[in-house]
Every structure is written in structure tokens, then in C-alpha cells.
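Asker: Starting off with a structure, shown below.
The values are calculated or read from the model by the stated rules, or taken from the named source; none is laboratory data. Source: prediction; values computed, not measured. No Cβ is skipped: glycine too gets one built from the backbone with ideal geometry, and neighbour counts run over all protein chains shown. What goes into the accessible areas is simple: the full protein's heavy atoms, side chains included, and nothing from ligands, DNA or RNA. Shrake-Rupley method; radii C 1.70, N 1.55, O 1.52, S 1.80 Å.
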Amino acid sequence: MSTDNLSCPMPAQISAQMSAQNASDEEDTHHRAASPRTPALRGEDTKFTAFSRPVKLEEPPYHVFSKPQKWNLVLLISLAGALSPLSSNIYLPVLDSISQSLSVSTSFVALTITIYMIVQGITPSLFSAISNAYGRRLTFVMLLTIYMGANVGLSFTSNFPMLLALRGLQATGSAATIVVSAGVISDMAETNERESFMGMSTGIRMIAQAIAPVIGGALNSAWGFRSIFWFLFASGLLILVMLLIFLPETQRRIAGNGHTRLSGFSKPWIFLVQPPKEWAGMAEQTQRMPTIAFKEIITPLKNVLEKDIFVLAAWGSLVYTLWSMVTSSTTTALLKTFPVLTQWQVGLCFLPNGIGCVLGSICTGRLLDRTYKRMEARYKEEHGLETINIKHNKDFPFERARLPLMPYFSIAFAVSLALYGLSYELNGLHRYFAANLVASLSLQFMIAFTATAIFNINSTMLVDCFPEGPAGAIATNNLCRCLFGAAGVSVIQPLIDALGIRNSFMILAGVVAAFSPLVWVHRQWGETWRLERERKRAARMLSP
């Protein structure tokens, strides 16, 4: 299961993805002033000629890369970030094959998904801090080396404990590629460029998530489940080589705005053959790397105890957990109800889920933009403003701008979840009736569509109200979702074995109904809680 959405779930997911932005933004002003391209007149905007006419100095660019160069690098790092959803979803159609090959139950095999999700929730915060301290390029190489080693080991898996341990190692190498990719984008993209770059990155990850089960089913049908790990190894190796050749270090403490002459490992291999023209006559510079600020990893997580953030995180984690339970149990449910399906056909049956995630993200993003602009226009009219600075206008009603559609998507999600279990009961009565399979897969599409819509609204609202900004929001959201999702995945198969798929999903739909008042609670009191927290935070900053 991928959290990008943080993938489906993160992940428009704003975007997962802004998690390294803060560290870069803090240094923007410094590097604009210190760029070698501008004369060293710190704090001055003009100089005077002999005729005492002021001449305005040209401000150095945020980054020296051209637009095509930036797009090429975004494409490259997005491929690296796509390894996370690719690795988690390519595995889903082969659960039954692994169960038979290793002679363990499907419930035990599902535990490997649980381990994957736990590690997926923990490692991004750690490696984000490493990339901020030691650079994006080095962190990518570390992650992909771990990832390739894990896939080689998985291809020789001979027992369940080995599979369990190596799946955790695989998650360590793949999950954090998303936040490091987001860091590269924030290093080199101006504010008005980030949305399009992040959109491309998210789109590539979602495409990977959608096609991964199809690839997994096809490889498993042709060469067995171990072939998917060789495929992932080859993909990781290809991406690693491309990163070594083309990706320069972009971390702004190290590379500034791209004008700093890189040395050692920070320099991509292509620069050995064709160094940038901006480096002409410039000596190599070395910088002492800062230590990792582990406090920055832990502090944002404490904010989950804030009332409004707790409500948001709880509801988003619940929906993510139930969506994960649907996808992780799909292979077993399909093969039990339609035993004539081949492994390749099982992989195809995951397409509605992937398509639902993609369309849900696109549609929700447009709807969110529309409701936000409507509320922004009303706010400017009421306060007599021409523009709004979100950092200063803390009383902007984010809740009314983001949450109007949340109740409708939540109701549709609960209804789809209840009908999903009933659809398999119908399949049991007419096992080989293809229309019944269409019903189940259509409901999977609806579950994925509505779940992704809820993820995007929830994640956007969380970033809006989070004290530490987007990095803390992504870290907290990712951890909560993955830990709760891991718990759900570990119990869904035993629950289905004990109660049947119809009763199991009826119970889960009841859980959604029981916790749905959280949406109403946040609409009623979320703004009050957020403003109260902002006042207390401002008072602490002013106190001696």
C-alpha cells in the first residue's frame, strides 16, 4: 500500500511531498544575497554612477537552472519517487502465490504488508532529515542501494521470516524517495513553479500505482512471484545510474542557487565531461555539513495532541486504513469467489482501484481550488483586501474553504464500503456470472475515488492549520496513516475468515458511520481551536 497520496493517499497529495520544503525556504534569502552572480552589496538594492543616477542591481535568480533543465530533473526524481507505490502495489496480486510457495497462510503473508506499512510510516521523517543535512544526492544513493539489496534478497526468499525482514528493508529503501524528491523540487523551484512540478511528480507516482498490480500479475503468471523482485531491482539500478549521471546536488546549504562549484560526490558524472558554463573560472568550494537535527523529526509529531489536528489525523487515518484493508484483501477475495481467474487477470482487477485514485485526485484538486477561490474572494471583500498573505492572515476561514465537500465524499465512501461486501455475497450465488465481478470492481473504483478525495481534503486542511508548516504536517499524517493502516491490514484477513466478507465490510461501514461525526466536529469547532492555538503560539513568541 502506498501512502503517497502520500500515492493514492497522498498522497494531490500535496501533496507528500512538501516535506522538505521548509528547510530550503529558510535559506532562500541567504543564497539570493550571497550568490556569486551578484556583487556583494548585502542589504542594498542600488548603486550610484559618476553622475549620481541610481542603477538598480539585478536580483539573482532563485535557481540558475533553465526551465527545461528543471523539468528534466523533476522527471528523473519523480521516477525515483515512483518506486514506493510501484513496490507496494506490484506485490498485491502475488499474495496467493507466495502463500502456496512458502507454505504459509494468506494471513501470515498479509503481515508482510503490515511490516512494509510500519516502516513506510517511520523512515521518511528520518531520511528527510538526512537529506537536509548531507544532501539529496547522497540520500538517494543510500536509499536505492538499500532498495536494490532488499530486492535481490527477496528474489531468493526461501522462508517466511526472511520475506518479512526483507520487505521491511525494501520499504526502508523505497518509501523515503518521495520526500527526497520533494526536497529537490523545493530546492530549485520558485513558488509559482512548485505546483506544476509537484503535480507532475504526483501524476507519475499515481500512474505507477495504477499499473503496478497489472505488471505484478503478468510477471507472476509468466515467471513466478520472484520475478517481480528482479524487475524492481532492475528498475532501481536503472534509476540509480541515471541519478548518478545527471542529478547534481541541489540542497541549498551545499549548492546554493546552483551557482556553487560542486566537488566530490555532489558532482554528477556528466559534469566531469561537460561542466556548467557558470562554473568557468570558479574554484571548487567545500562546506562543512551540519549535524542531523533529530529534534525537528520529533517535535511536529507532538502536535497530533492538538484538538483540531487530532480530529483531522484520526479521520484521515481511519479512511486510509479501510481503503488499505480493501486493497490488501482483494486477491484472496477474487480467487475465492472467481477461482477461474488467472494471476494475470487478478492483476488487471486492480486497475479500477488505481484509476479511481487518479481521477479522485484530479477531480478533488479542481474542486478544492474552486471552493478556495470562492472563499478567498469573499474574505477579501469582507476585509477590504486586494491580496491575502496566508502567513499573516491567520483568521482566514480555511475550514469553510476546504471542508464543504467532505460530508458528501464520506457518505459515498461508507455506502460503497457496505455494498462492496454485499457484492461478493452476490458473486457467491452466481459464481461465474461476469456482471457480478464488474459490480465488485466498480465499487472498488468508488471506494478508491472517494477515499482519495477525503485524503486530499484532509491533507490540504492539515497543512493549512499545522503550526510547523507542511513538513510537520506530512510527517505526522504519514506516520498516523501508516501505523493505523498496518494494524487494519493485519486483521482484515482473519476477520473475513471468521465472519465472511459480507459481514466484515458491513462492520467496517458501521465503523465509518460511528466515527463520521468527526467531520462535523471539525467543521463546528476546528476554526476556533486553530485560532486559539495561534494566539497561544504568538503569545509564547512575544514572551521573554
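Asker: Filter the range 512-531 down to residues that are out of contact with any helix residue (DSSP H, G or I) (no Cβ under 8 Å at 6 or more places or on another chain) and among the aliphatic types (A, V, I, L, M) and give me whichever is surrounded by the fewest Cβ atoms within 10 Å (Cβ to Cβ).
Answerer: Of the residues in the range 512-531, the ones out of contact with any helix residue (DSSP H, G or I) (no Cβ under 8 Å at 6 or more places or on another chain) are 514, 517, 524, 528, 531.
Okay, now just the ones that are also among the aliphatic types (A, V, I, L, M), so 514, 531.
Details: ALA514: 10, LEU531: 15.
Top of the filtered list is ALA514.
Asker: Are any of the residues in the range 298-317 closer than 30 Å to ILE215 by Cβ and either at pLDDT 80 or above or open to solvent by 50 Å² or more (accessible area, probe 1.4 Å) (or both)? Spell out the reasoning first.
Answerer: Let us first name the residues in the range 298-317 that are closer than 30 Å to ILE215 by Cβ, namely 316-317.
Subsequent filtering for residues that are either at pLDDT 80 or above or open to solvent by 50 Å² or more (accessible area, probe 1.4 Å) (or both) retains 316-317.
So far as the range 298-317 goes, yes, one or more of its residues are closer than 30 Å to ILE215 by Cβ and either at pLDDT 80 or above or open to solvent by 50 Å² or more (accessible area, probe 1.4 Å) (or both).
Asker: Counting only residues that are under 18 Å from ALA110 (Cβ atoms), in contact with a Gly (Cβ under 6 Å, 6 or more places away or on another chain) and of a type outside the set (Gly, Ala, Ser), how many does the range 328-353 have?
Answerer: Total satisfying the criteria: 2.
Asker: Determine whether THR157 is open to solvent by less than 10 Å² (accessible area, probe 1.4 Å), outside any helix (DSSP H, G or I), of a type outside the set (Gly, Ala, Ser) and under 21 Å from TRP230 (Cα atoms).
Answerer: Numbers: open to solvent by less than 10 Å² (accessible area, probe 1.4 Å): yes; outside any helix (DSSP H, G or I): yes; of a type outside the set (Gly, Ala, Ser): yes; under 21 Å from TRP230 (Cα atoms): yes.
So THR157 fits the description; yes.
Asker: Please enumerate the residues belonging to the range 157-213 that are of a type in the set (Lys, Arg) and modelled with pLDDT under 90. If you could, list the steps in order and put the result at the bottom.
Answerer: Just the residues of the range 157-213 that are of a type in the set (Lys, Arg), to begin with: 167, 194, 205.
Passing the criteria: ARG194, ARG205.
Asker: ARG167 is checked against (1) open to solvent by 20 Å² or more (accessible area, probe 1.4 Å); (2) within 21 Å of the chain's Cα centre (by Cα) and fails just one. What number does that condition carry?
Answerer: (1)
Asker: Here are some residues: ARG502, ARG537. Which one is in contact with a Phe, Trp or Tyr (Cβ under 8 Å, 6 or more places away or on another chain) and part of a helix (DSSP H, G or I)? Can you show your working first?
Answerer: Working: ARG537 fails: in contact with a Phe, Trp or Tyr (Cβ under 8 Å, 6 or more places away or on another chain).
The conditions single out ARG502.
Asker: Suppose we filter the range 109-125 for residues that are over 14 Å from CYS480 (Cα atoms) and modelled with pLDDT under 85; how many remain?
Answerer: Counting residues in the range 109-125 that are over 14 Å from CYS480 (Cα atoms) and modelled with pLDDT under 85 gives 0.
Asker: Tell me, which residue of the range 181-217 that is buried (at least 18 other Cβ atoms within 10 Å of the Cβ) and touching a Phe, Trp or Tyr at 6+ places or on another chain (Cβ under 6 Å) is farthest from VAL74 (Cα to Cα)?
Answerer: GLY217
Asker: Which of the following residues is out of contact with any Ser or Thr (no Cβ under 8 Å at 6 or more places or on another chain) and modelled with pLDDT of 90 or more: LEU237, LEU272? Walk me through it before giving the result.
Answerer: Values: LEU272 fails: modelled with pLDDT of 90 or more.
Being out of contact with any Ser or Thr (no Cβ under 8 Å at 6 or more places or on another chain) and modelled with pLDDT of 90 or more holds for just one of LEU237, LEU272, which is LEU237.
Asker: I've got another one for you. Please work out which residue is nearest to ILE207 (Cα to Cα), limiting yourself to the range 331-351 and to residues that are open to solvent by less than 30 Å² (accessible area, probe 1.4 Å) and part of a helix (DSSP H, G or I).
Answerer: GLY347
Asker: Also: May I ask you to list the residues in the range 396-413 that are at pLDDT below 80 and part of a loop (DSSP other than H, G, I, E, B)?
Answerer: Within the range 396-413, PHE396, PRO397 qualify.
Asker: Modelled with pLDDT under 85, buried (at least 19 other Cβ atoms within 10 Å of the Cβ) and of a type in the set (S, T, N, Q), is that true of THR460? Talk me through it step by step, then tell me what you get.
Answerer: Numbers: modelled with pLDDT under 85: yes; buried (at least 19 other Cβ atoms within 10 Å of the Cβ): yes; of a type in the set (S, T, N, Q): yes.
In short, yes.
Asker: Moving on. Is it true that THR139 is more than 19 Å from ILE185 (Cα to Cα), surrounded by 18 or more Cβ atoms within 10 Å (Cβ to Cβ) and at pLDDT below 95?
Answerer: Details: more than 19 Å from ILE185 (Cα to Cα): no; surrounded by 18 or more Cβ atoms within 10 Å (Cβ to Cβ): yes; at pLDDT below 95: yes.
It is false that THR139 is more than 19 Å from ILE185 (Cα to Cα), surrounded by 18 or more Cβ atoms within 10 Å (Cβ to Cβ) and at pLDDT below 95.
Asker: In the set THR371, THR327, which member is surrounded by fewer than 22 Cβ atoms within 10 Å (Cβ to Cβ), among the polar types (S, T, N, Q), assigned to a helix (DSSP H, G or I) and out of contact with any His (no Cβ under 9 Å at 6 or more places or on another chain)?
Answerer: THR371
Asker: Which one is nearest to ARG167 (Cα to Cα), of the residues in the range 230-275 that are assigned to a helix (DSSP H, G or I) and among the polar types (S, T, N, Q)? Before you say what the answer is, go through the steps one by one.
Answerer: The initial filter retains those residues of the range 230-275 that are assigned to a helix (DSSP H, G or I), namely 230-246, 252-255, 264-266, 270-273.
Next, only the ones that are among the polar types (S, T, N, Q) stay: 235, 266.
Numbers: SER235: 17, SER266: 30 Å.
Restricting to residues being assigned to a helix (DSSP H, G or I) and among the polar types (S, T, N, Q), the top hit is SER235.
Asker: Next question. Sort out which residues of the range 470-483 are open to solvent by 20 Å² or more (accessible area, probe 1.4 Å), out of contact with any Leu (no Cβ under 7 Å at 6 or more places or on another chain) and modelled with pLDDT of 75 or more, and write them in order of number.
Answerer: Scanning the range 470-483 gives CYS480, LEU483.
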